[in-house]
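Heads up, the thing below is written out as structure tokens.
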């Protein structure tokens, strides 16, 4: 499952839309919860963060209201240009984390960010918070925006043509990873790995599948 989730946040870093497991036909949790809770819809993540039932209920309510606020924007996203999508998603992402930070404690938020960045793969470099931690220059941010926009366009073209072969999607992600990493300095690449924290492992299904 982790393999299906990793690296799929070109469009969905804001609310953990990696849970859609693009092209894999997998849904790790009920789809009604995914858009609201993002990666927090995953029981393994809830366990890792030690999220209480009270916190979970508050998150569902607060994030549900936030989703309602951006309902029209989500409807318009498919018709936006990749550049417009990227800007809108960053706004939604920042808003969602403000909501979460008001419910989760500092330790939980730190680990949540680490897990999100791990699951996002190279897509984590879209997160303004990570960009700040890495001290990216304006020139680096501009280069990354261009790379993500290009990858976004390729993914959209595949989706429009219904050409959803996983290997072709992964080729786009792999190319993006190589080019985006080359934008970072060696020190930034090292910091990127460190900021993602201890590797998060999903539990294995009891049936072994």
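See the values below:
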quantity: Among the residues listed as 129, 139, 157, 177, the single one being at pLDDT below 95 and either outside any helix (DSSP H, G or I) or surrounded by fewer than 13 Cβ atoms within 10 Å (Cβ to Cβ) (or both); calculated: 157
quantity: Residue among 56, 37, 63 that alone is at pLDDT 85 or above, in a helix (DSSP H, G or I), crowded, with 21+ Cβ neighbours inside 10 Å and in contact with a helix residue (DSSP H, G or I) (Cβ under 8 Å, 6 or more places away or on another chain); calculated: 63
quantity: Sole exception among (1) farther than 19 Å from residue 89 by Cα; (2) modelled with pLDDT under 90; (3) surrounded by 13 or more Cβ atoms within 10 Å (Cβ to Cβ) for residue 184, by number; calculated: (2)
quantity: Sole residue being within 24 Å of residue 173 (Cβ to Cβ), surrounded by 13 or more Cβ atoms within 10 Å (Cβ to Cβ), in contact (Cβ under 8 Å) with a residue 40 or more places away in the chain and out of contact with any helix residue (DSSP H, G or I) (no Cβ under 6 Å at 6 or more places or on another chain), chosen from 93, 119; calculated: 93
quantity: Qualifying position, being farther than 30 Å from residue 79 by Cβ and either assigned to a loop (DSSP other than H, G, I, E, B) or under 19 Å from the mean Cα position of the chain (by Cα) (or both), among 115, 122; calculated: 115
quantity: Filtered residues of the stretch 99-112 (kept if assigned to a helix (DSSP H, G or I) and either crowded, with 17+ Cβ neighbours inside 10 Å or touching a helix residue (DSSP H, G or I) at 6+ places or on another chain (Cβ under 7 Å) (or both)); calculated: 99, 100, 101, 108, 109, 111, 112
quantity: Members of the stretch 74-98 found to be more than 18 Å from the chain's Cα centre (by Cα) and not in a loop (DSSP other than H, G, I, E, B), listed by number; calculated: 75, 76, 79
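The values are calculated or read from the model by the stated rules, or taken from the named source; none is laboratory data. Predicted, not measured: the structure shown is a model, and the values here were computed from it. Positions of Cβ are backbone-derived with ideal geometry, glycine not excepted, and every protein chain shown enters the neighbour counts.
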